[in-house]
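One structure is given here, and the rest of the page talks about it.
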Amino acid sequence: MRKQGEKMIFVELNDGSCAGNLQVLVQKGDDEGKNKLVEGVFAKGGTGVSCKVNGKIIKSVAKGQAIELKAESVTILGGVDAATYPMPKKKLTLEYMRENQNWRIRTRTMRAVQNIRNQCAWATHSFFQGHGFKYVHTPLLTGADCEGAGEMFAVTNLIKEGSKISDIPVVTDESEKRTDTIDFSKDFFGKPVSLTVSGQLNVETYACAFSDVYTFGPTFRAEKSKTTRHLAEFWMIEPEIAFATLEDDMALAEDYVKYCVKSVLDKCASDVQLLTDYHQREFAQAKKRGKVAKGAEAPSKLSDSLQVLLGKPYKRLTYTEAIAILEKEIEEYRAIVITEEEAKQMKAKDLKKKTKGKHRFEFPVFWGVDLASEHEKYLTDKIFKAPVILYNYPKDIKAFYMKMNEDNKTVQAMDMLVPGIGELIGGSAREDNYDVLVKRCEELKMETKPLQWYLDLRKYGSVPHAGFGLGFERLVMLVTGMSNIKDVIPFPRAWGLCDF
């Protein structure tokens, strides 16, 4: 709200249905002195007030809007104490908004982000349902580790509030002496159970019956990381296609991403423009404060960046070819590897001199390395300036269920890399030969008993199949231009963060 003189108030009204606000003109005397409109509106606060307005839509004489509402009556439904309201009408940092997650959706920026998130969710179901996929609700509780990473949240009712260590059941040895090993046979499920990191293994069972299926739900990872790229709770989209190859999998992934991007451009144009204005304004202010690296370019229009994702077919190259490109960049001095530890041992001026005119990698590049985000973004942002799909990765850096290539060194895995993000999608053709899959589990020293139900899919009517996983929050980051993953999910859960 803003007051103009003693007889007029302009109110910016938004009911959440769109990005734009409706300007309401409140004039003293329009109510014939009955409700004291101007005095009544300001009496119960300004920004954040909930109100009901009756009036007439009229042509606006102001720039930037075609119409406005001339109020005849204003009813304050929920007042605000302006002195204590946590979301005042002033510039609020994203950091501040993360500390006020229950209020941040009232800002235009967060509303735009969440509106686009909603559109991406709608597009996801529309795309897969339109292609004949069945939506499968996979369980959140699991007795298997899909990725083999071990970074899972344990689920138990052996430990309750007020429990003592002596209350926890443990395994006893031959002499009936208590050991240090927890006896999970006494737990709710009679065995160790965790929150799932993926619905893939479960949804594969349905692919053997429906052919084309997908799951879209929350997943969890107990990774102790506070970076802008990690969450402990996040949503995954995981389609699985039967009678399919790695080529089919890559084609499906590209078609899906393009469908979502086009849906956002078609349905959320005003939100995309609002976020463009936000990013450009933030850059200009950061540059003014001297917080922008020398030579850094201002953000382009978000719609232009998204159009790049809809253009030519995505570049495809093998992991081996990608490594060769990065090694050539280093050999020809366009890039240099200086680890964080090495940088700490150098003087600032020496580090600056050594990296002058070169792109610095903090992680080494060699065949067999699990590419870091900095390597992935170098390929998309510097080399190709477009999305890239890498495939045929070394088996030692990929999951047990991925189909082995004939060279016995690589697997039929693929990762889609996109500008500004790095890895967006990870997928593969699945190993459909029982003996090969069991051998692979043995190589990785995996316990196969909890996975026997999954292995048995290969014993009875096995079919060639493939699939991928996409972290939904990374997709939302891509189409909103937001750089912190905690800003694209309504209530972020991360290491040390589980509020609201």
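The values are calculated or read from the model by the stated rules, or taken from the named source; none is laboratory data. It should be emphasised that the depicted structure is a prediction, and the values quoted were computed from it without experimental measurement. No Cβ is skipped: glycine too gets one built from the backbone with ideal geometry, and neighbour counts run over all protein chains shown. To get the accessible areas, we keep the full protein, side chains included, count just its heavy atoms, and leave off ligands, DNA and RNA. Shrake-Rupley method; radii C 1.70, N 1.55, O 1.52, S 1.80 Å.
Considering only the Cα atoms of the stretch 356-417, their convex hull presents on average a projected area of 4.9 nm².
What number, in nm² with one decimal, is the all-direction average of the projected area of the convex hull of the alpha-carbon atoms of the stretch 243-285?
Numbers: hull surface 17.0 nm².
Over every viewing direction, the Cα hull of the stretch 243-285 projects on average to 4.3 nm².
At 4 °C and 1.567 mPa s, what whole-number value in µm²/s does Stokes-Einstein give for the translational diffusion of the stretch 379-493, with Rh from the Kirkwood sum over Cα pairs? Estimated via Stokes-Einstein, D reaches 80 µm²/s. Here the simple spin-label model places points 7 Å from the Cα toward Cβ, and for Lys91 and Ile330 these points are separated by 4.1 nm. Each principal axis of the Cα cloud of the stretch 106-169 was taken in turn, and the coordinate range along them, longest first, works out to 54, 38, 20 Å. Computed with a 1.4 Å probe on the full set of protein chains, the accessible area for Lys52 sits at about 110 Å².
Taking every protein chain into account, the 1.4 Å probe leaves Trp122 with about 140 Å² of accessible area, to the nearest ten. Surface composition of the stretch 292-363: carbon plus sulfur atoms contribute 52% of the solvent-accessible area (1.4 Å probe, protein chains only, all chains present). Using all Cα-Cα distances in the stretch 102-230, what percent lands in each 10 angstrom bin from 0 up to the longest? Over the stretch 102-230, the share of Cα pairs per 10 Å bin runs 10, 23, 29, 22, 12, 4, 1 percent. Using a simple spin-label model with pseudo-atoms 7 Å out from Cα toward Cβ, Lys224 and Glu406 lie 4.7 nm apart. Per-residue packing, averaged as other Cβ atoms within 10 Å, sorts the ranges 298-306, 254-262, 492-500 into the order 254-262, 298-306, 492-500, beginning with the highest.
One Cα centroid belongs to the stretch 417-454, the other to the stretch 363-397; the line between them spans 19 Å.
With the highest mean first, a sort of the peptides 195-201, 282-288 on other beta-carbon atoms found within 10 angstrom per residue produces 195-201, 282-288.
D by Stokes-Einstein for the stretch 217-277, Kirkwood Rh over Cα pairs, 20 °C, 1.002 mPa s: 144 µm²/s. Both radii are taken from the alpha-carbon atoms of the stretch 160-232; with Rh as the Kirkwood radius, Rg/Rh is 1.15.
Of all lysines in the structure, the ones whose alpha carbon falls short of 20 Å from that of Lys395, not counting any fewer than 8 places away in one chain, are Lys403, Lys409, Lys439, Lys445. Remark: the chain carries a charge dipole of roughly 2980 debye about the Cα centre, counting +1 on each Lys and Arg Cβ and -1 on each Asp and Glu Cβ.
For the stretch 72-116, the per residue solvent-accessible surface stands at 57 Å², with DNA, RNA and ligands left out and a 1.4 Å probe.
Roughly to the nearest percent, how much of the accessible area of the stretch 205-288 is carbon and sulfur, given a 1.4 Å probe?
Carbon and sulfur together cover 54 percent of it.
Largest to smallest in accessible area, the residues Lys28, Lys385 fall in the order Lys385, Lys28 (1.4 Å probe, all protein chains included). Fully extending the segment from Cys498 to Ser166, taken as 0.36 nm per residue of separation minus the present Cα-Cα distance, adds 116.7 nm. Take the Cβ atoms of Arg360 and Lys28, set R0 to 60 Å, and the FRET efficiency comes out at 0.40.
Between Ile383 and Thr339, what FRET efficiency comes out of the Förster formula 1/(1 + (r/R0)^6) with R0 = 22 Å and r the beta carbon distance, rounded to 0.05?
Values: r = 22 Å, r/R0 = 1.00.
For Thr339 and Ile383, the calculated efficiency is 0.50.
Put the Cα centre of the stretch 195-226 next to the Cα centre of the stretch 237-285 and the gap is 21 Å.
Using the alpha carbons alone, the radius of gyration of the chain stands to its Kirkwood radius in an Rg to Rh ratio of 1.04.
Summed over the residues of the stretch 272-380 and divided among them, the accessible surface reaches 65 Å² per residue at a probe radius of 1.4 Å.
Cross-link reach is defined here as a Cα-Cα straight distance under 18 Å, omitting same-chain residues fewer than 8 places apart; for Lys226 the lysines meeting it are Lys486. Cross-link partners for Lys44 among the aspartates and glutamates, with Cα-Cα distance under 14 Å and sequence neighbours closer than 8 places in the same chain left out: Asp81.
Per residue of the chain, what 222 nm ellipticity follows from adding -39500 (n - 2.57) for every DSSP H run with n ≥ 4, rounded to the nearest 500? Please list the in-between numbers first.
On the way: 14 runs with 151 residues, N = 500.
So the helix-based figure for the chain works out to -9000 deg cm²/dmol.
Sites listed here are chymotrypsin sites (Phe, Trp or Tyr not before Pro) in the stretch 395-478 whose DSSP assignment is loop and whose Cβ has at most 16 other Cβ atoms within 10 Å: Tyr460. The calculated FRET efficiency for Phe188 paired with Asn54, based on their beta-carbon distance and R0 = 41 Å, is about 0.15. Report note on the peptides 352-359, 387-394, 131-138, 229-236: ranked by the mean count of other C-beta atoms within 10 Å, highest first, their order is 387-394, 229-236, 131-138, 352-359. For the stretch 54-166, lysine pairs with C-alpha atoms less than 29 angstrom apart, excluding pairs fewer than eight positions apart on the same chain, total 11.
Given 20 °C and 1.002 mPa s, how large is the Stokes-Einstein diffusion coefficient of the stretch 309-401 in µm²/s, with Rh as the Kirkwood radius over Cα pairs? In µm²/s, the coefficient is 146.
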